[in-house]
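Please treat every number below as a calculation from the coordinates, not as lab data. Every value quoted in this text rests on a predicted model; they were computed, and no experiment measured them. Heads up, the Cβs are rebuilt from the backbone with ideal geometry, glycines too, and the neighbour counts pull from every protein chain shown.
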Amino acid sequence: MNYEEKLVRLLREGGRQSNELLKIYEEAPDDENFVLIEMELSGRCLSYKDENCFDALKQLRETLEEKQIQILCNGAALNVYPSTMGLSMGVGRLAYKLTRGKQAKTEDLVDIFDFDEAFTFVSIYEQNHFYDEWLKSLG
C-alpha cells in the first residue's frame, strides 16, 4: 500500500485555518484502476476513490463545502483545471494554470495537491464556471 502524505491547509468559517494530512494512493489498495485520497477530519475518515486524483479531490471538496470548509490547494484554485487528455492518460495529478484567451502550455502545469499562495481558492461551481469561460475565450 504505497501512498504519499501531503499536508494541506483548510480554511474554516471565521477564517480559522488548520493543516490536515491527506493520503494519496495513486493505486487504491482494493482496485489498482482507481486512485484513492483520504483525510481525517474531526475524528472521521473521509475517503474518496475515483479514476483520477482531480475527480477524487472534487468529491472531497463537495464534502468540505457542505461543512463551509475551503481546501487551499492548487486543485481548488479558480484558474486551475486539468486537460481531458491528462485525466484519461495519467492519474490526474497535474492541471493547467489557465489564463483567459490563452492556450495552456506545458509550463503552466501545477500539482493539484501543492499550494500556491498567488491563487484564489474557490468553490467547485466557481472553478467550473471559470473553466467554461476560459474555453469560450479561446474562440
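Summary table
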{"quantity": "Spin-label model distance (nm) - Ser123 vs Cys45, 7 Å beyond Cα toward Cβ", "calculated": "3.1"}
{"quantity": "Gain upon complete extension [Leu7, Asp116; 0.36 nm per residue less C-alpha separation]", "calculated": "37.9 nm"}
{"quantity": "Helix-only [θ]222 nm of the chain, DSSP H runs n ≥ 4, -39500 (n - 2.57) each, per residue, nearest 500", "calculated": "-7500 deg cm²/dmol"}
{"quantity": "Label of the coordinate-derived value, Cα extents along the principal axes in Å, listed as (i) 56, 31, 27; (ii) 47, 39, 22; (iii) 40, 32, 25", "calculated": "(ii)"}
{"quantity": "Entries in Lys67/Lys105; Lys58/Lys102; Lys23/Lys97 that, when Cα-Cα distance is taken, lie over 29 Å", "calculated": "Lys67/Lys105"}
{"quantity": "Peptides 69-81, 118-130 ordered by average Cβ neighbours within 10 Å, highest first", "calculated": "69-81, 118-130"}
{"quantity": "Segment 1-98: chymotrypsin sites (Phe, Trp or Tyr not before Pro) in DSSP loop, at most 11 other beta carbons within 10 Å", "calculated": "none"}
{"quantity": "Cleavage-rule hits, trypsin sites (Lys or Arg not before Pro), segment 25-111, DSSP coil, Cβ neighbours within 10 Å at most 14", "calculated": "Lys67, Arg100, Lys102, Lys105"}
{"quantity": "Relative contact order of segment 4-137, defined on C-alpha pairs under 8 angstrom at six or more residues apart (%)", "calculated": "21"}
{"quantity": "Space enclosed by the convex hull of the alpha-carbon atoms of segment 3-77, per residue, Å³", "calculated": "83"}
